[in-house]
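The values are calculated or read from the model by the stated rules, or taken from the named source; none is laboratory data. Computed from a predicted model, the values in this text were never measured in an experiment. Cβ placement follows ideal geometry from the backbone for every residue including glycine, while neighbour counts extend to all protein chains displayed. Please note that ligands, DNA and RNA were not included when accessible areas were found on the heavy atoms of the full protein model with its side chains. Shrake-Rupley method; radii C 1.70, N 1.55, O 1.52, S 1.80 Å.
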Amino acid sequence: MKLITKTLGLLFVFTLICKSSIAQQLAIDKDASKQIVCQFNSYSVAKDKLLQQEFKKNTPFKISYSCVPAGIVVIESSNNLSEQDIELIKQKTNSIDASYTILQNMTLKAIESKCATYRSN
């Protein structure tokens, strides 16, 4: 009887963990249309500070994640990003004089993993 109770308890805990993980993944995927992920070449702390200041200047966007070693910056909006929004973001990112690429369909977990890889090297 104890074995059945422990097994059911573990199954219940496992179900809760899986449910939480799936809900978190859905939230990340849902927000993908509200964010843009940029990876900058030759990114530095100074450039990160400039970019942070640029996005604090009266814009509807904010930097929600920044990893200097990897040069990754996640810029998000409270609404879905339109083509005009993306152009405005590009103008603001060009102000720091660093080339970059836009990374498509990256989850926060993948971004954090990429950052950890750069930090460990």
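Just give me the residues in the stretch 89-111 being surrounded by 15 or more Cβ atoms within 10 Å (Cβ to Cβ) and part of a helix (DSSP H, G or I), in sequence order.
Ile89, Lys92, Thr93, Leu108, Ile111
Being modelled with pLDDT under 90, over 17 Å from Arg119 (Cα atoms) and either hydrophobic (A, V, I, L, M, F, W, C) or open to solvent by 30 Å² or more (accessible area, probe 1.4 Å) (or both), is that true of even one residue in the stretch 71-78?
yes
Among the candidates Ser82, Ser95, Ser120, Ser113, single out the residue that is small (Gly, Ala, Ser) and either touching a residue at least 40 places away in the same chain (Cβ under 8 Å) or in contact with a Cys (Cβ under 8 Å, 6 or more places away or on another chain) (or both).
Residue meeting the stated conditions: Ser95.
Please go through the stretch 49-66 and give me each residue that is open to solvent by less than 50 Å² (accessible area, probe 1.4 Å), under 15 Å from Lys90 (Cα atoms) and either out of contact with any Phe, Trp or Tyr (no Cβ under 8 Å at 6 or more places or on another chain) or acidic (Asp, Glu) (or both), ordered by number.
Answer for the stretch 49-66, where residues must be open to solvent by less than 50 Å² (accessible area, probe 1.4 Å), under 15 Å from Lys90 (Cα atoms) and either out of contact with any Phe, Trp or Tyr (no Cβ under 8 Å at 6 or more places or on another chain) or acidic (Asp, Glu) (or both): Leu51, Glu54, Thr59.
Considering only the stretch 83-102, I want to know if a residue exists there that is more than 11 Å from Ile36 (Cβ to Cβ) and of a type in the set (Phe, Trp, Tyr).
no
Mind checking which residues of the stretch 23-48 are surrounded by 16 or more Cβ atoms within 10 Å (Cβ to Cβ), assigned to a helix (DSSP H, G or I) and modelled with pLDDT of 90 or more?
Hits for the stretch 23-48 are Lys47, Asp48.
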